[in-house]
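Chemist: Quick one: the structure is below, questions incoming.
The values are calculated or read from the model by the stated rules, or taken from the named source; none is laboratory data. Being a predicted model, the structure only gives us computed values, none of them experimental. In this analysis, Cβ positions are derived from the backbone assuming ideal geometry, glycine residues included, and neighbour counts consider all displayed protein chains.
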């Protein structure tokens with residue numbers, strides 16, 4: 001296991017068998033996004049994207065919550081009131097792009113592992129990940145209506161694509177709690193694990209992906225993300241380009257050789 005220094009105890013990071021486990025670590029505030037934890041998360045994502053020891057980035061929360069969203073106690077700070085509306089808008093756009101957009105486009109597979117609730121911007125972070133796994137007692141809620149806000153960090157974009165426009169509107173307008181099993185049936189969660197062994201099962205699930213062909217997985221992610229927004233012609237061209245790049249790679253040669261020898265491929269040597 002390799003420990004990564006994030007610059008704050010409110011965000012922990014360690015690498016386990018090519019899985020970077022990033023833990024939001026402010027359980028007293030249910031891992032709310034504050035002035036320490038959020039910049040550290042942005043920075044660690046940049047570092048992990050280029051770290052060759054990492055195949056999957058798994059984000060989870062300490063204690064019994066994933067992330068309760070923005071720290072409401074700091075939302076009306078005096079320093080923010082000094083900024084013009086235009087500066088505040090530019091700042092929020094930049095912060096969103098450096099967190100949820102970065103997660104969505106990260107060159108590594110990302111997994112949100114919810115030991116408990118994810119709300120507001122915390123839900124947006126979970127939705128920005130490629131996959132989501134939940135413990136039996138986890139739930140999600142949009143929550144924004146409860147504090148008179150419309151939502152940010154891409155929650156409306158991600159949720160609509162997962163559950164459809166009508167259901168996404170319901171979840172935003174009424175802010176119900178969607179528990180693990182319902183979330184699984186809606187396609188919000190990919191897996192639900194036992195509460196007692198949740199983190200261990202989540203990491204084992206991540207390992208099944210991190211042991212795979214990193215470059216090919218990154219290209220798959222680009223293909224799939226692009227397919228949400230383009231006509232079929234452009235994704236076909238991109239798939240063709242990526243397919244040829246994969247076919248010429250050592251990863252593919254390793255996999256084909258193993259296939260012909262009727263064994264599982266090994267993409268990464270043991271460290």
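Chemist: Of the residues 30, 16, which single one is within 11 Å of residue 57 (Cα to Cα) and either surrounded by fewer than 21 Cβ atoms within 10 Å (Cβ to Cβ) or modelled with pLDDT of 95 or more (or both)?
Modeler: 16
Chemist: Among the listed residues 188, 209, identify the single one that is in contact with a helix residue (DSSP H, G or I) (Cβ under 8 Å, 6 or more places away or on another chain) and not in a helix (DSSP H, G or I).
Modeler: Values: 209 fails: not in a helix (DSSP H, G or I).
Going through 188, 209 in turn, the sole match is 188.
Chemist: Follow-up question, since we're still on this one. Of the conditions (1) surrounded by 15 or more Cβ atoms within 10 Å (Cβ to Cβ); (2) touching a strand residue (DSSP E or B) at 6+ places or on another chain (Cβ under 9 Å), residue 181 clears all except one; give me its number.
Modeler: (1)
Chemist: Which helices (runs of 4 or more DSSP H) does region 114-180 wholly contain that include 3 or more residues that are touching a residue at least 24 places away in the same chain (Cβ under 8 Å), more than 21 Å from residue 58 (Cα to Cα) and touching a helix residue (DSSP H, G or I) at 6+ places or on another chain (Cβ under 8 Å)?
Modeler: 165-174
Chemist: Is it fair to say residue 89 is buried (at least 18 other Cβ atoms within 10 Å of the Cβ) and assigned to a helix (DSSP H, G or I)?
Modeler: On the way: buried (at least 18 other Cβ atoms within 10 Å of the Cβ): no; assigned to a helix (DSSP H, G or I): yes.
No; evaluated as a whole, the condition is false for this residue.
Chemist: For region 212-229, name all the residues that are free of Cβ contacts under 8 Å to residues at least 12 places away in the same chain and in a loop (DSSP other than H, G, I, E, B).
Modeler: Selection gives 229 alone.
Chemist: Still on this structure: Could you tell me which residue of region 242-270 is surrounded by the most Cβ atoms within 10 Å (Cβ to Cβ), considering only residues that are assigned to a loop (DSSP other than H, G, I, E, B) and in contact with a helix residue (DSSP H, G or I) (Cβ under 7 Å, 6 or more places away or on another chain)? If you could, list the steps in order and put the result at the bottom.
Modeler: First pass over region 242-270, keeping only residues assigned to a loop (DSSP other than H, G, I, E, B): 248-249, 261-270.
With in contact with a helix residue (DSSP H, G or I) (Cβ under 7 Å, 6 or more places away or on another chain) added as a condition, the list becomes 249, 264-265, 267.
On the way: 249: 15, 264: 10, 265: 17, 267: 19.
The qualifying residue surrounded by the most Cβ atoms within 10 Å (Cβ to Cβ) is 267.
Chemist: If you don't mind, there's one more thing I want to ask. Return the total of residues in region 8-56 being in a loop (DSSP other than H, G, I, E, B) and touching a helix residue (DSSP H, G or I) at 6+ places or on another chain (Cβ under 8 Å).
Modeler: From region 8-56, those in a loop (DSSP other than H, G, I, E, B) are 8-10, 17-18, 25-26, 30-32, 34-36, 50-55; that's our starting set.
Of the ones still in play, those that are also touching a helix residue (DSSP H, G or I) at 6+ places or on another chain (Cβ under 8 Å) are 8, 10, 17-18, 25-26, 31-32, 34-35, 54-55.
Residues in region 8-56 being in a loop (DSSP other than H, G, I, E, B) and touching a helix residue (DSSP H, G or I) at 6+ places or on another chain (Cβ under 8 Å): 12 in total.
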